[in-house]
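Just so you know, all these numbers are worked out from the coordinates, no wet-lab data involved. Since we're looking at a predicted model, the values are computed, not measured. Using ideal geometry, Cβ is built from the backbone for each residue, glycine included, and neighbour counts are taken over all protein chains shown.
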Amino acid sequence: MESQVGGGPAGPALPNGPLLGTNGATDDSKTNLIVNYLPQNMTQDEFKSLFGSIGDIESCKLVRDKITGQSLGYGFVNYSDPNDADKAINTLNGLKLQTKTIKVSYARPSSASIRDANLYVSGLPKTMSQKEMEQLFSQYGRIITSRILLDQATGVSRGVGFIRFDKRIEAEEAIKGLNGQKPLGAAEPITVKFANNPSQKTGQALLTHLYQSSARRYAGPLHHQTQRFRLDNLLNMAYGVKRFSPIAIDGMSGLAGVGLSGGAAGAGWCIFVYNLSPEADESVLWQLFGPFGAVTNVKVIRDFTTNKCKGFGFVTMTNYDEAAMAIASLNGYRLGERVLQVSFKTSKQHKA
DNA sequence: TGGGATT
């Protein structure tokens, strides 16, 4: 019935779920499957026809965001015949669709207690394996799925992972017990919190778009465009030099190593914003940069304990020209009592 | 005056 069953991608369910008793109710545990890691653009019809090719479907549902209608990347299929459910697992689990490898497994019985049991973990030692992470968390309950995110190029851990517990209450206990704690032998404490919904990223991009289209119609830092954009100025800023160098630079070839974030997660131009007030939040960055074009991400860096802004933040913009215009316009911009310093992020070598 | 990372 409801689109939020399970609350998000869930993992392998009990191979033999609890029987529902002797009152004649059907035992769904043998016919009801959960499908994870579906391509974002798969439609309900495509979902149904893929799983319908195995056998008679009693019901199926591609789960979508209640507000945006975006696929959340998982769904449920209930077969009429338990043998077909088994066959679907055997033939479709691990199937590669576009960039995804789908996962097909028995669904756990729907219940409020298993909702919102998914945790996001950051600050993990890069050397910690998935198994070690599971060991750390398993003291708080039964783990349904776990994952450590890897750098696409090197295959090295990004120090970020996910843990889905069987029960919400287990996840809560794990946060209480592990958030801000150092795993044994680790130099830094880990952060443990509830994970965002997988659709939130696209939802955010959607909101960005809506915001931009309205913000462009009203007042905003666009007025500073009178400070016309000039490539030489930008290069000077990017390299931290004062004088214009008459070296001819065609296009962006002179900007190697500056700003452009190549990571698989959200490519774009990363902008460093300095001299924000301790009270600054993400909305101020959206407001400052949004009017210049496509902003995919903003981040205010806060102190771990006080939660106050540490005086700087980052903004990612999709298009070079818009990022350049934002920098040219906002560098030196007076925000309250403070004068902002805005530049492309450069790769700072942290000292050995 | 330089972080975090959302399958």
Q: With 10 Å bins from zero, work out the P(r) of segment A:36-126 over every alpha carbon pair and list the percent per bin.
A: 15, 43, 32, 9, 2
Q: Would you work out which of A:Ser146, A:Leu136, A:Leu124 lies farthest towards the positive end of the dipole of segment A:114-194, given +1 charges on the beta-carbon of Lys and Arg and -1 on that of Asp and Glu, about the Cα centre?
A: A:Ser146
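Per the Kirkwood formula on distinct C-alpha pairs, the Rh of segment A:114-194 is how many angstrom?
12.4 Å
Find how much the distance from A:Ser122 to A:Gln139 grows on full extension, using 0.36 nm per residue of separation minus their present alpha carbon separation; answer in nm with one decimal.
Numbers: separation 17, 0.36 × 17 = 6.12 nm, distance 1.85 nm.
Residue separation times 0.36 nm, minus the Cα-Cα distance, leaves 4.3 nm.
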Q) Which value, in debye to the nearest 20, gives the size of the charge dipole of segment A:28-110 about its Cα centre, when Lys and Arg are +1 and Asp and Glu are -1 at the Cβ? A) 360 debye
Q: Run the quick spin-label model on A:Phe304 and A:Lys66: label points 7 Å from Cα toward the beta carbon, then report their separation in nm to one decimal.
A: 3.5 nm
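Quick one: if the Förster radius is 30 Å, what FRET efficiency do A:Gln181 and A:Ala112 give, using the C-beta to C-beta distance and rounding to 0.05?
0.60
Run the dipole for segment A:271-320 about the Cα centre, Lys and Arg Cβ at +1, Asp and Glu Cβ at -1, nothing else charged, and hand back the magnitude in debye, nearest 20. The partial results should precede the final answer.
Details: 4 positive and 4 negative charges, 22 e Å.
It comes to approximately 100 debye.
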Q) What is the sum of charges around A:Asp81, taking Lys and Arg as +1, Asp and Glu as -1, for the other residues whose C-beta is under 15 Å from the C-beta of A:Asp81? A) -4
Q: Would you mind checking the pairs A:Lys131/A:Lys193; A:Lys182/A:Lys310; A:Lys66/A:Lys308 and listing those with alpha carbons more than 29 angstrom apart?
A: A:Lys66/A:Lys308
**Q.** Residues of type aspartates and glutamates that A:Lys87 reaches as a straight line, Cα spacing below 20 Å, ignoring anything fewer than 8 places off in the same chain
**A.** A:Asp27, A:Asp28, A:Glu46, A:Asp56, A:Glu58
Q | Dipole magnitude of segment A:114-194, debye to nearest 20 (Cβ charges: Lys/Arg +1, Asp/Glu -1, about Cα centre) | A | 100 debye
